[in-house]
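Working notes, beginning with the structure itself.
The values are calculated or read from the model by the stated rules, or taken from the named source; none is laboratory data. Given the structure is predicted, the values throughout are model-derived calculations rather than measurements. Cβ: placed from backbone, ideal geometry, glycine included. Neighbour counts: every protein chain shown. For accessibility, only protein heavy atoms count, side chains too; no ligands or nucleic acids. Shrake-Rupley method; radii C 1.70, N 1.55, O 1.52, S 1.80 Å.
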Amino acid sequence: MIALIDADILAYQSAATVERPIKWNDDLWTLHAFESEAQEHFDSMVKTITEKAGCDTYVLCWTDSENWRKEVLPTYKSNRVATRKPIVLSAIRKWAQDNYESRIIPTLEGDDILGLMATDPTMVNKVTICTIDKDLKTIPGNHYHFQKDELFSVSEHEANLYHLMQTLTGDATDGYKGCPGIGGVTAKKILDKVMDEATPWANEKQLGAMMWKAVVATYAKAGLGEDEALVQARVARILRYPEFAFKTNKVHLWNPAT
């Protein structure tokens, strides 16, 4: 088994953990970090996660400097621009990418690479997604939440359902708003109602169409059209294998009809 590790989180945590503030006198404070200490922390996390996920090896998945979602929604993650990053973060990213088995693809987030590899037909049941990011629940397969030390699996239906939950609720951390006034409890009630009304023999595609109709109707009640719902759904979508052309590095935007 291969541990597909969300390396962005590991790098950030390793860099942040080793920062130390020092007060030199009544007026002067400085912040410092030892890069070597961050490297040791990163290495320890990679080994621990791989072992606890029940895997033999790993691949680190990284976010590129460009992001395809910003073409769909220009304000995507704009709320993070002013946030200070740990001082050795860039150095740790470069060091880790040079020294560990890593994947980085132009315009993709690390989450997308996790999703693509986990849904590659040749990799199914051979990999485990290792992250603490709830967004990856939109990807079917084996999962390991390394903060909770929890192994679990996500079915295709559960992944599709969670994607539309995210479409309704949005994600303030990632800077997309979802449908105004809709929180997690309400979103679940809306989609559960669809499941209750569906015929027992409805397949996943039919259920998806019914749930999308309910999503669009919810946006309409908020005075927004299907186009806005589609924008939110597309930025909420973690890519799956058929949704990316590897030869051209082109994203195939999510379409509710497919």
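Remarks
- Here residue 90 clears all of (1) in a helix (DSSP H, G or I); (2) open to solvent by less than 40 Å² (accessible area, probe 1.4 Å) except the condition numbered (2).
- Scanning the range 169-176 for residues that are of a type outside the set (Val, Ile, Thr), surrounded by 12 or more Cβ atoms within 10 Å (Cβ to Cβ) and not in a loop (DSSP other than H, G, I, E, B) turns up at least one hit.
- Subset of the range 143-155 that is in contact with a Gly (Cβ under 9 Å, 6 or more places away or on another chain) and in contact (Cβ under 8 Å) with a residue 24 or more places away in the chain - its residue that is nearest to residue 241 (Cα to Cα): 144
- Selection status of residue 85, of a type in the set (Lys, Arg) and at pLDDT 95 or above: no
- Scanning the range 187-213 for residues that are under 24 Å from the mean Cα position of the chain (by Cα) and either aromatic (Phe, Trp, Tyr) or open to solvent by less than 90 Å² (accessible area, probe 1.4 Å) (or both) yields 187, 190, 191, 192, 204, 207, 208, 209, 211, 212.
- Taken together, the criteria exclude residue 72 from residues that are in contact with a Ser or Thr (Cβ under 9 Å, 6 or more places away or on another chain), among the aliphatic types (A, V, I, L, M) and in contact (Cβ under 8 Å) with a residue 40 or more places away in the chain.
- Scan of the range 74-87 for residues that are closer than 20 Å to residue 33 by Cα and crowded, with 16+ Cβ neighbours inside 10 Å, ordered by number: 86, 87
- Pairs are defined by a Cβ separation below 8 Å, a sequence spacing of at least 6 or placement on different chains, a first member in the range 205-226 that is outside any helix (DSSP H, G or I), and a second member that is modelled with pLDDT of 90 or more and open to solvent by less than 60 Å² (accessible area, probe 1.4 Å); the pairs so defined are 222/179; 222/182; 224/179; 225/219.
- Index of the failed condition, residue 144 passing every other in (1) aromatic (Phe, Trp, Tyr); (2) part of a helix (DSSP H, G or I); (3) touching a Lys or Arg at 6+ places or on another chain (Cβ under 9 Å): (2)
- With respect to the stated conditions, residue 192 is out of contact with any Cys (no Cβ under 6 Å at 6 or more places or on another chain), charged (D, E, K, R) and more than 30 Å from residue 51 (Cα to Cα).
- Hits in the range 104-144 (condition: of a type in the set (A, V, I, L, M, F, W, C) and either open to solvent by less than 10 Å² (accessible area, probe 1.4 Å) or within 10 Å of residue 4 (Cβ to Cβ) (or both)): 108, 113, 114, 116, 117, 118, 123, 127, 129, 130, 136, 139
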